[in-house]
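**Student:** I have a structure I would like to understand better, so I am pasting it below and will then ask my questions one at a time.
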Amino acid sequence: MDKKLFVGALVKFFSGLVAFAVLLFLPAGTFNYPQAWILTAILFIPMFIAGFVMMAKNPELLRKRLNAKENESEQKQVILFSGIMFLAAFVSAALSFRFDLLMMPFSVSIAGAVIFLAAYILYAEVLRENTYLSRTIEVQEDQKVIDTGLYGVVRHPMYMATVVLFLSMPLVLGSVISFAIMLLYIPIIVKRIRNEEEVLEKGLAGYTEYKKKVRYRLIPFIW
């Protein structure tokens, strides 16, 4: 076992957990925030399990997923905008709960949790199919075009999964305002995809042919 990778993964996991809790429970002014506990559980428990699976079976993939340093200037903007969006969405959800402002029924939170977990399974399947997946836009050494499974349906199934994941989060939290803010993820991910495809066309052999074979980027029959 790579001890440095293991420790690094644990540090990132628990620092992310603490930051997430601060963003939700501090603005809410209470720990008695059931929706926030549900989202924390369905987000971090599968993440913890997935981390151990990657550590055991594919540590290189885990290393790639932990690396968030972008070289592309356009992607740095995407990360900045995404960070601002998440900050606003989570804080607004907590404030909505605190002041009972435009809150959805609790049944919506349960439905949102089911959708979130289904999207998480989809996300895990994408990670299984494509071992080249990193969090940064790059063409890796000996990288090949993946065109099987979900990659035969849309060119960016990971982003398809993240759209569902992120839009279901405010549903779990039960906040109309947070959901409206999270809709900004759609133009953000469109910008990321367009830049990523430019990079892949230039540096990844066979990607232009793959684009002709699989027409849709994100949503079948739509885009």
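The values are calculated or read from the model by the stated rules, or taken from the named source; none is laboratory data. Given the structure is predicted, the values throughout are model-derived calculations rather than measurements. Cβ placement follows ideal geometry from the backbone for every residue including glycine, while neighbour counts extend to all protein chains displayed.
**Student:** Given the structure, is Lys12 modelled with pLDDT under 95 and over 24 Å from Pro170 (Cα atoms)?
**Tutor:** For Lys12, the condition - modelled with pLDDT under 95 and over 24 Å from Pro170 (Cα atoms) - is not met.
**Student:** Just one of (1) over 21 Å from Pro170 (Cα atoms); (2) without any contact (Cβ under 8 Å) to a residue 12 or more places away in the chain trips up Ile79, so point out which.
**Tutor:** Every listed condition holds for Ile79 apart from (1).
**Student:** Those residues that are surrounded by 17 or more Cβ atoms within 10 Å (Cβ to Cβ) and touching a helix residue (DSSP H, G or I) at 6+ places or on another chain (Cβ under 7 Å), I need them from segment 22-43; list them, please.
**Tutor:** Result: Leu23, Leu24, Phe25, Pro27, Ala28, Tyr33, Gln35, Ala36, Ile38, Leu39, Thr40, Ile42.
**Student:** Further question on the same structure: Quick one: in segment 58-91, which of the residues that are under 22 Å from Phe14 (Cβ atoms) and surrounded by fewer than 15 Cβ atoms within 10 Å (Cβ to Cβ) is modelled with the highest pLDDT?
**Tutor:** Here the answer is Leu87.
**Student:** Sort through Thr136, Thr148 and tell me the only one that's within 13 Å of the chain's Cα centre (by Cα), at pLDDT below 90 and not hydrophobic (A, V, I, L, M, F, W, C).
**Tutor:** It is Thr136.
**Student:** Taking interchain pairs and intrachain pairs at least six residues apart, which have beta carbon atoms under 6 angstrom, with the first residue in segment 200-221 and under 21 Å from Tyr123 (Cα atoms) and the second among the aromatic types (Phe, Trp, Tyr) and not in a helix (DSSP H, G or I)?
**Tutor:** These pairs meet every condition: Arg217/Trp223.
**Student:** Restricting to segment 1-27, name every residue that is within 20 Å of Leu87 (Cβ to Cβ), aromatic (Phe, Trp, Tyr) and touching a residue at least 40 places away in the same chain (Cβ under 8 Å).
**Tutor:** Within segment 1-27, Phe20, Phe25 meet the criteria.
**Student:** Next question, about the same structure. Take Ala124 and tell me if it is crowded, with 19+ Cβ neighbours inside 10 Å, closer than 25 Å to Ile222 by Cα, at pLDDT below 95 and aliphatic (A, V, I, L, M).
**Tutor:** no
**Student:** Counting only residues that are assigned to a helix (DSSP H, G or I) and within 22 Å of Ala161 (Cβ to Cβ), which one in segment 199-209 is farthest from the chain's Cα centre (by Cα)?
**Tutor:** Tyr207
**Student:** Among the residues of segment 172-189, how many are within 14 Å of the chain's Cα centre (by Cα) and crowded, with 24+ Cβ neighbours inside 10 Å?
**Tutor:** Result for segment 172-189: 1.
**Student:** Whether any residue in segment 28-38 is touching a residue at least 40 places away in the same chain (Cβ under 8 Å), assigned to a helix (DSSP H, G or I) and over 19 Å from Ala113 (Cα atoms) is what I want to check.
**Tutor:** Yes, segment 28-38 has at least one match.
**Student:** When Ile222 is evaluated against the numbered criteria (1) under 17 Å from the mean Cα position of the chain (by Cα); (2) assigned to a loop (DSSP other than H, G, I, E, B); (3) surrounded by fewer than 17 Cβ atoms within 10 Å (Cβ to Cβ), which criterion, by number, is the only one it fails?
**Tutor:** All conditions are met except number (1).
**Student:** Does any residue in segment 85-113 that is closer than 24 Å to Ile186 by Cα and in contact (Cβ under 8 Å) with a residue 40 or more places away in the chain come within less than 7 Å, Cβ to Cβ, of a residue that is loosely packed, with under 15 Cβ neighbours inside 10 Å and of a type outside the set (Lys, Arg) six or more places away or on a different chain, and which pairs are these?
**Tutor:** Pairs found: Ser96/Leu102.
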